[in-house]
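See structure below.
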Amino acid sequence: MPGALLTPGQQGGPHRLAARRGAAVHGHRGPRSRTRSAVTAASGSPSSPSCSPRRPLRSRRGRRPLRRWCAMTEMTMRRAHIGDHGTIVECVRTWWGDSRTPEQARELSLLLPRLFLQFFSGTSLVLEDTGRIRAFLVGFYAADNDDEAYIHFVGVDPELRGRGVGRELYTAFLRRAAEAGRREVRAITSPGNTGSVAFHRAMGFTVEPGDREVDGLSVHSDYDGPGQHRVCFLRRIADSPSPQRA
């Protein structure tokens with residue numbers, strides 16, 4: 001299965017993950033509105049959000065900090081619904097459209113077949129504002145044991161890269177997995193994605209020993225097929241250190 005936190009704008013295969021420019025997560029603390037914070041957790045009822053269009057978010061010094069951006073719009077985190085599938089697929093094709101051809105972006109979206117939201121919507125998360133999906137995390141709990149959870153795919157709107165959104169999703173998933181009695185969370189990435197490796201380590205993940213090394217990094221050969229080597233991450237929820245900024 002593909003690794004977690006695929007970042008729009010990155011080059012490379014579909015397993016290259018985030019971190020270098022921010023779809024990999026830095027915790028954010030948005031300003032509070034009158035009654036709740038800018039990013040609020042909610043179970044919510046199924047909705048039909050759209051994939052957010054690209055809107056200019058530039059200030060004189062470049063991208064606006066998330067705090068200022070959140071002051072203008074409230075983002076809500078909720079569990080995913082099967083009805084989100086079509087929108088999430090469209091988000092993948094749109095968000096990765098600046099680094100891939102339309103066909104490559106379409107192939108990437110195939111890593112998220114409907115079955116993931118049909119059977120794992122309760123463990124997957126969506127971040128939205130004004131009915132528009134801005135980020136999502138697809139993850140699940142192991143069916144063969146009661147200890148493990150897995151982060152399969154994470155996407156963040158390119159406008160929000162570097163603003164803590166991915167970290168917010170990871171943190172929420174880890175917390176919910178722990179509350180469900182899960183003790184370990186796993187994820188994978190490609191050996192060449194040094195940004196993702198740094199991000200996962202900062203989030204408290206460790207690299208599981210593989211059968212070879214690539215640039216000093218332990219790798220599992222042919223993990224996803226011939227030549228498809230992967231770095232495997234493990235985080236033990238109970239005893240992992242608090243995540244640090246990557």
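Data table
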{"read-out": "Amide H contacts of GLY210 (H built 1.01 Å from N, under 5 Å, at least 5 apart or other chain)", "value": "VAL219"}
{"read-out": "Pairwise label distance in nanometres, GLU107 with SER221, each label 7 Å out on the Cα-Cβ vector", "value": "2.5"}
{"read-out": "Contour minus Cα-Cα distance for THR130 and LEU115 (0.36 nm per residue)", "value": "2.8 nm"}
{"read-out": "Peptides 197-203, 154-160, 76-82 ordered by average Cβ neighbours within 10 Å, highest first", "value": "154-160, 197-203, 76-82"}
{"read-out": "Amide H contacts of SER50 (H built 1.01 Å from N, under 5 Å, at least 5 apart or other chain)", "value": "ARG132, ILE133"}
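No value in this document is a laboratory result; all are computed from the given coordinates. Since this is a predicted model, take the numbers as computed values, not measurements. Neighbour counts are summed over all protein chains in view; Cβ atoms, including those assigned to glycine, are modelled from backbone coordinates with ideal geometry.
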